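The next block holds one structure in the form of structure tokens; read it before the comments.
The values are calculated or read from the model by the stated rules, or taken from the named source; none is laboratory data. Everything numeric here is computed off the predicted structure, so don't read it as measured data. Cβ placement follows ideal geometry from the backbone for every residue including glycine, while neighbour counts extend to all protein chains displayed.
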Amino acid sequence: MPRDTLKGGVGPDLTDHLKYGETDDKKYQSIAKGTPNGMPAFEQQLGRDRIWRVLAYVDSVREYGKKP
Ligand code: HEM
């Protein structure tokens with residue numbers, strides 16, 4: 001199975017510029033609280049620790065994309 005590219009489908013390409021912010025805190029907020037145009041809040045479902053783990057995964061794919 002190919003690795004997940006996180007390039008969207010329903011949501012936006014998460015390996016590209018993030019309009020709601022690219023700092024750890026902003027990315028955490030996008031996942032925890034959701035965003036105005038369709039990103040659902042995940043804080044109830046996942047809780048703090050799992051949101052950080054999901055974020056670490058997203059960031060690992062973002063970093064992988066930068067490598068030559
Ligand atoms: C837990 C898995 C998910 C993660 C880690 C995630 C992450 C994100 C992040 C970081 C953003 C902000 C992008 C930016 O700043 O440009 C975003 C936006 C978005 N996500 Fe998700 N997402 C997840 C699941 C979902 C699901 C299940 C849906 C659909 C039901 C969804 C739909 C969207 C949409 C439509 C946006 C754009 C919203 C806007 O522009 O306000 N996401 N997502």
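Contact annotation: residue pairs with Cβ atoms under 6 Å, 6 or more positions apart or on different chains, pairing a residue in the range 49-68 that is over 9 Å from Thr15 (Cα atoms) with a partner that is surrounded by 15 or more Cβ atoms within 10 Å (Cβ to Cβ) and of a type in the set (A, V, I, L, M, F, W, C), are Ile51/Ile31; Ile51/Ala32. Among residues of the range 1-12 that are more than 13 Å from Tyr64 (Cβ to Cβ) and of a type in the set (A, V, I, L, M, F, W, C), none has a beta-carbon under 8 Å from a residue that is loosely packed, with under 11 Cβ neighbours inside 10 Å and at pLDDT below 80 at least six positions away or on a different chain. Only one entry in Arg48, Arg53 is at negative phi and away from the ligand (no atom under 11 Å from the Cβ), namely Arg48.
Tell me, please, whether a residue that is hydrophobic (A, V, I, L, M, F, W, C) and at positive phi can be found in the range 4-24.
Taking the range 4-24 first, the residues hydrophobic (A, V, I, L, M, F, W, C) are 6, 10, 14, 18.
Now restrict to residues that are at positive phi: 6.
Looking for residues that are hydrophobic (A, V, I, L, M, F, W, C) and at positive phi, one finds at least one in the range 4-24, hence yes.
Within the option set Thr15, Thr23, being surrounded by 12 or more Cβ atoms within 10 Å (Cβ to Cβ) and more than 10 Å from the ligand (Cβ to nearest atom) holds for one residue only, Thr15.
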